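The values are calculated or read from the model by the stated rules, or taken from the named source; none is laboratory data. Because the structure is a prediction, the values reported are computed rather than measured. Neighbour counts run over all protein chains shown; Cβ positions are idealised from the backbone, glycine included. Note: areas computed on protein heavy atoms with side chains; ligands, DNA, RNA excluded. Shrake-Rupley method; radii C 1.70, N 1.55, O 1.52, S 1.80 Å.
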Amino acid sequence: MDRGSVIGLRLSLKQRYFVLLCFAVGAVTAYQFSRNRLAVRRMSRADGLSANASQFTLGGEPFRILGGSIHYFRVPRAYWEDRLLKMKACGLNTLTTYVPWNLHEPERGVFNFEDQLDLEAYLRLAGRLGLWVILRPGPYICAEWDLGGLPSWLLRDPHMKLRTTYPRFTDAVDSFFDQLIKRVVPHQYSEGGPIIAVQVENEYGSYAKDGAYMPFIKEALLSRGVAELLLTSDNKDGLKRGGVKGALETINFQKLNLDDIKYLDGIQPHKPKMVMEYWSGWFDLWGDLHHVFPAEDMVPVVTEILNLDMSINLYMFHGGTNFGFMSGAFAAGMPAPKPMVTSYDYDAPLSEAGDYTAKYHLLRDVFSRLHAQPLPEPPTRGERRAYQPVVIQQHLSLWDSLHFTDKPLKSEGPVNMENLPVNNGNGQSYGYTLYETPIASEGTLNSKNSVRDRALVFVDKHFVGVLDFDTQELAVPDGKGKRTLSLLVENCGRVNYGNTLDEQRKGLVGDIEFNKQPLRDFIIRSLEMKPAFVNSNLLRSLEGNRITSSFPGYALWAYENRCDVLSCFSLCRSAHWASMRQRPTFPAFFQAKLYVSGSPKDTFVKLPGWSKGVVFINGQNLGRYWSIGPQQTLYVPGPWLHRGDNQVVVFEEQETDGRIQFSGGGEYGMSVDVQ
């Protein structure tokens, strides 16, 4: 090797050494920089939402909560992002949501935080979109939701005292919070997540039966790792009894009264003032009118609240839907509870189907003035489709569907819904319960106010009348010999607010008298109409019924559905799905197919000429309909449909016109202004 080559090699080695040295120095520098950045980030995240002065601070900087309520359990998961983007585009910076205990723990010790109930996914989505979160975990949430979100299996205990420190209630709360809060803690602000505050219970000042209860709930949150600002929420009267030491009190109202604001300021001076629930509309009851709160009345109040330098949360920003049997009932100031409708449109800024309203646009203008940068453009409105009407193809009498129910209970006297031996010893929560007993004469039936909430009465499957809170006596006609008296009792929704929560057992809650003698020897069947009942039983029997005329084809179908050929054949034949050429016997299930040729779009079911019942599409329970209104349509989210045939099943109590109609928009009946 010549001298020039040696010199070149040495230079090459020196260059390599220099490069390696620079890389090492750079790596050390980068590590120190990243560690310092992480430390700064951790330091700022340690300084969460604070209420130590007359204005909130977040991360040490002045902050005003511009919030809106959207409940993940009332909005199809496929639309979560759409609704939250619309919220952000309106100028709001904070999402508030309740947590429904009764959905997350449908049976004692059985928890569900998946799919539609994936709370953590909802929190992550909010954080990714740049929204802060105020979490309202209950355990009681009100929300116009069945039993205020409390699970009905609590009522199996005859001595249960809800929302108190009664040991069996607090034990159940502890068990639920053990599962819930461990999922919430990683999403707190201090952990890098979006949760900036957590509410302690909900509107306890309007209940306030136990002075030790709120401290118990507060400690239940803190001991499990909740580290963000704690809040309480009450109306003006509730503020006197609903607070707990260490939690900021906030107020709920719709119409501004400056005296109420002064009162809030007086009980906690030099603290930020917040309207936790500014009611953007109101809920509706079956048999009443549709409540609206005009935009021209609402927007000036919101503007005045902001001018008072207060924080605000719009309840609701987007209401959504009480799918299934989840709507509650209202009892305050009424002789008997009145059930709430399926829609939770609430006359909110975003409609039930996520459409923009006049309120949305006016509020966007108001909130935009509080931002230094232009607001993002609102997402494009989703398409709606008024599909062509579909004709009912087949029907199945309720009496013929009883093959698919759980084994009936034989009981000397009536047993309420919650104490039936079903659902692994957790009782029945929702839907209908059928009570049958023999009678041998004509006479008078007296409910003794034991029907909760509404009973269709039959003798040998012939309709006799209805028993409810208003009608408690019914004449039973004479007939030959021993006959069967049947009472199909519906839980129309448990009261969600007030002092009667402990009394919300459903079905027959006491004796029924016939000719002044209590009826005995009951056979009781649970008709909860869960998705499995519709999908695995009704629809499977329908398909099997369709091909039983071809036994080889049926055998293949049974094999594909893991169904024993002979037993399934026998069962499906006994189900008696009949064509509409045969007159239906009510109550009954009715089946039709909605064909969707292209990409499925949102639509609304309309049932003029029908009476009362429940609609299922592809096994999803859309909720109750009732001809007494005000609600005239049921919302069908596009993601719940698919290309091709979609199975529509309607459970109807008394009458049908044989077809199902669809609309491109929600119809909520004749309206009245909120008073």
Checklist line | Given charges at Cβ of Lys, Arg, Asp, Glu: the chain dipole, positive-most of Ser50, Ala440, Phe589 | finding: Ser50
Check: Taking only C-alpha pairs under 8 Å that are 6+ residues apart, what is the relative contact order of the chain in percent?
Finding: 14 percent
Checklist line | Mean-position separation - Cα centroids, the stretch 232-299 and the stretch 453-520, in angstrom | finding: 39 Å
Checklist line | Lys530, Lys255, ranked by accessible area, largest first (probe 1.4 Å) | finding: Lys255, Lys530
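List the trypsin sites (Lys or Arg not before Pro) in the stretch 182-249 that DSSP assigns to loop (not H, G, I, E or B) and whose Cβ has at most 12 other Cβ atoms within 10 Å. Which are they?
Lys245
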Checklist line | Selection of trypsin sites (Lys or Arg not before Pro), the stretch 574-675, meeting DSSP coil and at most 10 other Cβ within 10 Å | finding: Arg581
Next item on the list: For the stretch 413-478, give the magnitude of the charge dipole about the Cα centre (Cβ charges: +1 Lys/Arg, -1 Asp/Glu; no others), in debye to the nearest 20.
Entry: 200 debye
Note to self: Not counting ligands, DNA or RNA, and with a 1.4 Å probe, what is Lys506's accessible surface area in Å² rounded to the nearest 10?
What the structure shows: 0 Å²
Notebook entry, point to check: What accessible surface, in Å², does a 1.4 Å probe find on Ser536, ignoring ligands, DNA and RNA and rounding to the nearest 10?
Noted result: 60 Å²
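Within a Cβ distance under 11 Å of Lys209, other residues only, what is the Lys/Arg minus Asp/Glu net charge?
Details: positive: Lys161, Arg163, Arg241; negative: Asp210, Asp502.
With Lys, Arg at +1 and Asp, Glu at -1, the neighbours total +1.
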Note to self: Calculate log10 I(q)/I(0) of the chain for q = 0.09, 0.10, 0.11 Å⁻¹, where I(q) comes from the Debye formula with a single equal point scatterer on each Cα and nothing for solvent.
What the structure shows: -0.82, -0.99, -1.16
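Kyte-Doolittle mean at least -0.5 and Cα extent at least 20 Å along the axis: which DSSP H helices of the chain qualify?
Details: long enough: 3-45 (62 Å, 0.24); 167-184 (24 Å, -0.17).
Span-like helices, by this rule, are 3-45, 167-184.
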Next item on the list: In whole angstrom, note down how far apart the Cα centers of the stretch 588-650 and the stretch 140-190 are.
Entry: 33 Å
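Taking the Cβ of Asn426 as the center, what net charge do the other residues with Cβ under 13 Å away carry, scoring Lys and Arg +1 and Asp and Glu -1? Spell out each step's value before the answer.
On the way: positive: Arg108, Arg156, Lys530; negative: Glu105, Glu107, Asp157, Asp406, Glu418, Glu528.
Every neighbour counted, the sum reads -3.
Rounded to a whole number, what is D in µm²/s for the stretch 65-131 from Stokes-Einstein with the Kirkwood radius over alpha-carbon pairs (37 °C, 0.692 mPa s)? Provide the component values of the computation, followed by the final result.
Details: Rh = 12.5 Å.
Approximately 262 µm²/s, per Stokes-Einstein.
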Margin query: Here is the link list: Lys255/Lys338; Lys482/Lys612; Lys506/Lys530; Lys209/Lys245; Lys209/Lys410; Lys88/Lys262. Which ones come out longer than 28 Å on Cα distance?
Written below: Lys482/Lys612; Lys209/Lys410; Lys88/Lys262
Next item on the list: Sum -39500 (n - 2.57) across every DSSP H segment of at least 4 residues in the chain, then divide by the residue count to get the 222 nm mean residue ellipticity, nearest 500.
Entry: -7500 deg cm²/dmol
Notebook entry, point to check: Per the Kirkwood formula on distinct C-alpha pairs, the Rh of the stretch 78-231 is how many angstrom?
Noted result: 16.1 Å
Margin query: Taking all protein chains in place and a 1.4 Å probe, what share, in percent, of the accessible surface of the chain do carbon and sulfur account for?
Written below: 51 percent
Notebook entry, point to check: What percent does the relative contact order of the stretch 319-458 come to when contacts are Cα pairs within less than 8 Å and at least six residues apart?
Noted result: 13 percent
Item checked: Heavy-atom accessible area ranking, 1.4 Å probe, most first, across Phe293, Phe469 -> Phe469, Phe293
Note to self: Of Tyr98, Leu308, Ile181, which is farthest towards the positive pole of the chain's charge dipole, taken about the Cα centre with +1 and -1 on the beta-carbons of Lys, Arg and Asp, Glu respectively?
What the structure shows: Ile181
Checklist line | Charge dipole of the stretch 259-418 about the Cα centre (unit charges at C-beta), most positive-ward option of Ile267, Thr380, Tyr360 | finding: Thr380
Next item on the list: Return one whole number: the accessible area per residue of the stretch 445-519 in Å², for a 1.4 Å probe.
Entry: 42 Å²
Notebook entry, point to check: Relative contact order of the stretch 178-235: what whole-number percent is it, with Cα pairs under 8 angstrom and at least 6 residues apart?
Noted result: 48 percent
Check: Under 5 Å between amide H atoms, partner at least 5 residues away or on a different chain: which partners does Glu667 have, H built in plane at 1.01 Å?
Finding: Gln632, Thr633
Item checked: Cβ charges +1 (Lys, Arg) and -1 (Asp, Glu), total dipole of the chain, debye -> 2260 debye
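With both partners inside the chain, how many of the DSSP beta bridges are antiparallel, as a percent to the nearest 5? Please list the in-between numbers first.
Values: 83 of 119 bridges.
Looking only at bridges with both residues in the chain, the antiparallel portion is about 70 percent.
What are the GluC sites (Glu not before Pro) within the stretch 77-163 that DSSP puts in a loop, where the Cβ has at most 16 other Cβ atoms within 10 Å?
Hits after loop and neighbour filter: Glu114.
Out of the DSSP beta bridges found with both residues in the stretch 209-345, what percent are antiparallel (nearest 5)? Walk me through the numbers before you get to the answer.
Working: 4 of 15 bridges.
For the stretch 209-345, the DSSP antiparallel bridge percentage is about 25.
Size of the dipole of the stretch 65-105 about the Cα centre, Lys and Arg at +1 and Asp and Glu at -1 on the beta carbon, nothing else charged, in debye to 20?
Values: 5 positive and 3 negative charges, 27 e Å.
So the magnitude is around 140 debye.
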Checklist line | Ranked order, His291, His71, His371 - accessible area, probe 1.4 Å, largest first | finding: His371, His291, His71
